[in-house]
Structures are given as structure tokens and as C-alpha cells.
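Taken together, the values in this text are just the output of simple stated rules run on the coordinates, not laboratory data. Source: prediction; values computed, not measured. Every residue, glycine among them, receives a Cβ derived from its backbone with ideal geometry; neighbour counts consider all protein chains shown.
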Amino acid sequence: MKKGLFITFEGADGCGKTTQMTLLAEYLNKKGIKTVLTREPGGKGLGEKVRDILLNYDGEVSDRCESFLFLADRAQNIDIIVKPAVEKGEIVLCDRHIDSTAAYQGYGRGLNLDRINMLNNIATNGKKPDLTFVFDIDVDTSMKRVGKEKDRMESAGIEFHNRVRKGYLEIARQEPERIKVIDASQTIEDIHKEVISILETYL
Ligand code: TYD
């Protein structure tokens, strides 16, 4: 049986990961490799409704409630989109996943990391990505890229986003086999080349 792959794209808001995910999908499609794209929060159907709440709800949201909404969306994404595709031998590219919850709700909001890891494990049924790219960029640059129209998460402040960045680098240090950090201040083309050279070893 052909082996599927589950690859996640992580990093600060405005780090360019969505552009890189799209470029990689085009590259794989040209090679005739079937690729499925998904995102968290979101994906399709119910996931997109949860996304709308998470990014646009303008009332009070407790940190724990926020975490559970991201986790509920994750369970849906894994069960409905990721798992069936990987089992068919396809490559799934996912924009944000478990490491976003550790970085944003754990390091950013200050929730207990052991508990987040445990809850992530429940949401994914223990399935971890085969490969994760973290696109690292300084907070000033990423916030400039996001611009003035910020969603609920992007408006959380500079200190919050500095903690998120540090969090990603710390998580990557703990799992160097799975997580590859890429300098996202390079040109789009250079980043794309680095992504491909890392991925080639998995194909
Ligand atoms: P999105 O528009 O997808 O951001 P980006 O285009 O930068 O990926 O919005 C997702 C936001 O939700 C982003 O600010 C990160 C945040 N988030 C969490 O805080 N925790 C999570 O578990 C996930 C998946 C996302």
C-alpha cells in the first residue's frame, strides 16, 4: 500500500505559511502526487463555522473555551479530512494544527502545557504529523504583513505574539525529528526550495 503523509504548516500570523503550502501543493500536483489541503480552524462544513466563531466573535471568550473550540475543530478535521486521506495514501497539507494550540493557548495565553498536550492527544486520537514546518519570523515583520485589519487572535498584542514565537522555537527544540524551522525572512522562492529539499527525504 502507498504510504500517505500528514504535513503541517505552523508559525506566526503573517509568516507566509499559507503561501508556502499553496506552492508545495502546486509542486506535488505537477509531479502527479494527489494532495489534500485543509486548515485549522476550518477545513470544511462544521469546521468553517467553528472558525467563524473563533476569529470573529466579538463578545467575551474564556481562554479555556477558546482552547476547547480549537480542539473540537481539530477532532473534526482529523476524523473527516486527514485520516481518510492519509489512509488512501494521499498527502495532506494542513495549515496549523497541534503546535498552534501549544504556541498560542499554551505559551501565548499561559495555559498549562502538559494539559494542552494531553488534550491535543485526545483531539487527534494520538495521530501526530509526519512532518511539521515552522516558519519563523520576527513579530514586527509579521504584524506589518498582517496590516491594520486584524482578527480576534491577531489583535492579542505584541507581548502575546512574542511569547507565541518563543513557544514555537521551544516546541521545535523538543521535537527536532518532526519539526523543521525555516527562516521566513527569506524570499518566497528560497523558502519554497528549502521546503522541497526537506520534503524530498520523506517522499
Ligand atoms: P488564520 O486566519 O488561519 O491565521 P493565519 O492565516 O495566520 O494562519 O487564523 C487562525 C488564528 O487562530 C491564528 O491567529 C492562530 C490561532 N490559533 C490558535 O490560537 N490556536 C489553535 O489551535 C489554532 C489552530 C489557531
Sorted by packing (mean other beta-carbon atoms within 10 Å per residue), highest first, where do 145-155, 129-139, 164-174 land? 129-139, 164-174, 145-155
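Tell me, what is the Rg over Rh of segment 5-200, with Rh the Kirkwood radius over Cα pairs?
Numbers: Rg = 15.8 Å, Rh = 16.9 Å.
We get a ratio of 0.94 for segment 5-200.
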Expected sort for 187, 18 with the fewest Cβ neighbours (10 Å cutoff) up front is 187, 18
Considering Cα pairs under 8 angstrom that are at least six residues apart, work out the relative contact order of segment 1-53 and quote it in whole percent. 15
Hey, what number do you get for the chain at 222 nm if only DSSP H runs of n ≥ 4 count, each worth -39500 (n - 2.57), divided across all residues, to the nearest 500? -14500 deg cm²/dmol
Between segment 114-168 and segment 11-47, how many Å separate their Cα centres? 16
Among 192, 97, 161, which comes first, then next, by fewest other beta-carbon atoms within 10 Å? 192, 161, 97
Distance in nm between pseudo-label sites at residue 3 and residue 48 (7 Å out along the Cβ direction from Cα): 3.4
On a full-extension model of 0.36 nm per residue, what is the gain between residue 25 and residue 152, subtracting their alpha-carbon distance, rounded to one decimal in nm? 42.9 nm
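Let's see if you can work this out: charge +1 on each Lys and Arg Cβ, -1 on each Asp and Glu Cβ, no other charges. What is the dipole magnitude of segment 5-200 about its Cα centre, in debye to the nearest 20? Write out the running numbers ahead of the final one.
Numbers: 29 positive and 33 negative charges, 75 e Å.
That gives a dipole near 360 debye.
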GluC sites (Glu not before Pro) within segment 1-83, DSSP loop, no more than 15 other Cβ atoms inside 10 Å: 60
Under 5 Å from the placed amide H of residue 39, counting only residues 5+ away or on other chains, we find 95
For the chain, give the share of DSSP beta bridges that are antiparallel, in percent and rounded to the nearest 5; count only bridges with both residues there. 0
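Please report 39, 178 as a ranked list, fewest other C-beta atoms within 10 angstrom at the top and most at the bottom. Please list the in-between numbers first.
On the way: 39 21, 178 15.
If I rank by nearby Cβ atoms, fewest first, I get 178, 39.
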